[in-house]
Amino acid sequence: VQLQASGGGLVQTEESLRLSCTASGSIFRFNRMGWSRQAPGKQREFVAWITEGGSTHYAGSVKGRFTISRDNAKNAIYLQMNSLKPEDTAVYYCKAELYGIDYWGQGTQVTVSS
């Protein structure tokens, strides 16, 4: 399983970014896919996930601002991030869960300046 994340960058507070994660092969096989992030000096934390059936779940800190979605035809998931805050600055990692095993992408840096 290979996951390729992209779309990070440097933005200002209240701006938006859209992250993409493309998988090698069909994403139908994964039980869930999602995003986590890791800020400097902090542990990696959950951001959002989406199931094969389209159900979603968000961390409280991003709920209402971030939206996770999937495009099965493109074998991809996305994270639309609106109203970004400096505390959203982190490396964002894409994750896929398959039969209890987690697979991680390489991460994409998101930096939000105040």
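Rounded to the nearest 5, what is the percent of antiparallel bridges among the DSSP beta bridges in the chain?
90
Taking all protein chains in place and a 1.4 Å probe, what share, in percent, of the accessible surface of the chain do carbon and sulfur account for?
47
Where the centroid of each part is defined by its Cα atoms, how far is the stretch 7-38 from the stretch 44-74 in Å?
The two parts, judged by their Cα centres, are 9 Å apart.
How about Lys85: which aspartates and glutamates have a C-alpha closer than 20 Å to its C-alpha, ignoring those fewer than 8 places off in the same chain?
List returned: Glu14, Glu15, Glu45.
If you count only protein heavy atoms with a 1.4 Å probe, what accessible area per residue comes out for the chain, rounded to a whole Å²?
Computed with neighbouring chains in place, this is 52 Å² per residue.
Charges only on Cβ, +1 for Lys and Arg, -1 for Asp and Glu: so what's the dipole of the chain about the Cα centre, in debye to the nearest 20?
For this selection, approximately 100 debye.
So for the chain, taking the charge dipole from beta-carbon charges (+1 Lys/Arg, -1 Asp/Glu), which of Val91, Leu10, Ser114 sits furthest toward the positive end?
Toward the positive end, the furthest listed residue is Val91.
The values are calculated or read from the model by the stated rules, or taken from the named source; none is laboratory data. Keep in mind that what you see is a predicted model, and the values were worked out from it rather than measured. Cβ sites come from the backbone with ideal geometry, for glycine too, and all protein chains shown count toward neighbours. The area values use the complete protein model at the heavy-atom level, side chains included, leaving out ligands, DNA and RNA. Shrake-Rupley method; radii C 1.70, N 1.55, O 1.52, S 1.80 Å.
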